[in-house]
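One structure is given here, and the rest of the page talks about it.
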Amino acid sequence: MKRLTLIALAALVSACSVVKYSFTGTSIQPDVKTITIPYVEYKAMRVNPSLSNDLTEALQDKFRKLTSLEQVDVDGDLELVCEVTGYDVKATAVTADEVAAQNRLTVTVKAEFSNRKYPEDDVSKSFSAYEDFDATQSLDAVEATLCETIIDKLVEDIFNATVAQW
């Protein structure tokens, strides 16, 4: 009986070693060592001059902190190419006088994730995140804070959809 248990345990351990798991929730195969995350392009109609840079840095930081992947400029085993495709402000709540009471800033990012070693893990998807703000405030007054929160949400969603595969 002990021998059978040892054989079953050995088979389980060897089967589990195919995919590398970590405490951060990532599932990256052991032979995947590098990632390329180029500068996030900005293609939205409304302009936020710092959003591309802030989003690029946040994505690179997230992958650096939560994976053991080496970040390389070109030809990584993994590649994450993103572009900001939407940056919009719209009224979400209207008063009885038909005046906006709340506005919503929404940022949309298109992400193309390629796994050169395991193409079945490729992901092409758009992600959106938003934050509401009081209509009595100008976008200029709250934009930096809103974008910081929105970037955090987008980076978490992109990370989970690519290497955490949620």
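The values are calculated or read from the model by the stated rules, or taken from the named source; none is laboratory data. Since this is a predicted model, take the numbers as computed values, not measurements. Backbone-built Cβ (ideal geometry, glycine too); neighbour counts: all protein chains shown.
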Checked against (1) among the small types (Gly, Ala, Ser); (2) assigned to a strand (DSSP E or B); (3) more than 16 Å from the chain's Cα centre (by Cα), Gly86 satisfies every condition except (3)
Counting only residues in the stretch 58-77 that are surrounded by 15 or more Cβ atoms within 10 Å (Cβ to Cβ) and under 14 Å from the mean Cα position of the chain (by Cα), the one farthest from Leu105 (Cα to Cα) is identified as Thr67
By residue number, the members of the stretch 10-67 that are of a type in the set (S, T, N, Q), modelled with pLDDT under 90 and part of a strand (DSSP E or B) are Ser27
Of the candidates Glu98, Glu112, the one satisfying the condition of being closer than 28 Å to Val32 by Cα and either among the acidic types (Asp, Glu) or touching a residue at least 60 places away in the same chain (Cβ under 8 Å) (or both) is Glu112
Restricting the stretch 142-162 to residues that are loosely packed, with under 15 Cβ neighbours inside 10 Å and among the acidic types (Asp, Glu), the one farthest from Val81 (Cα to Cα) turns out to be Glu148
Filtering the stretch 68-83 down to residues that are under 19 Å from Glu41 (Cα atoms), acidic (Asp, Glu) and part of a loop (DSSP other than H, G, I, E, B) yields Asp73, Asp75
Next on the checklist: Is it the case, given these coordinates, that Asn103 is at negative phi and either surrounded by fewer than 17 Cβ atoms within 10 Å (Cβ to Cβ) or part of a loop (DSSP other than H, G, I, E, B) (or both)?
Outcome noted: no
Among the residues that make up the stretch 125-135, is at least one of them modelled with pLDDT under 95, part of a helix (DSSP H, G or I) and exposed (fewer than 14 other Cβ atoms within 10 Å of the Cβ)? no
Selection from the stretch 132-166 of residues more than 11 Å from Leu59 (Cβ to Cβ) and of a type in the set (Val, Ile, Thr) yields Thr136, Val142, Thr145, Thr149, Ile150, Val163
Those residues of the stretch 92-116 which are over 26 Å from the mean Cα position of the chain (by Cα) and either within 25 Å of Pro49 (Cβ to Cβ) or among the hydrophobic types (A, V, I, L, M, F, W, C) (or both) amount to Ala93, Val94, Ala96, Val99, Ala100, Ala101
message = One residue is enough: does the stretch 89-104 have a residue meeting the conditions polar (S, T, N, Q) and within 30 Å of Thr26 (Cβ to Cβ)?
response = no
For Asp88, the lone unmet condition from (1) within 30 Å of Leu139 (Cβ to Cβ); (2) at pLDDT below 95 is (2)
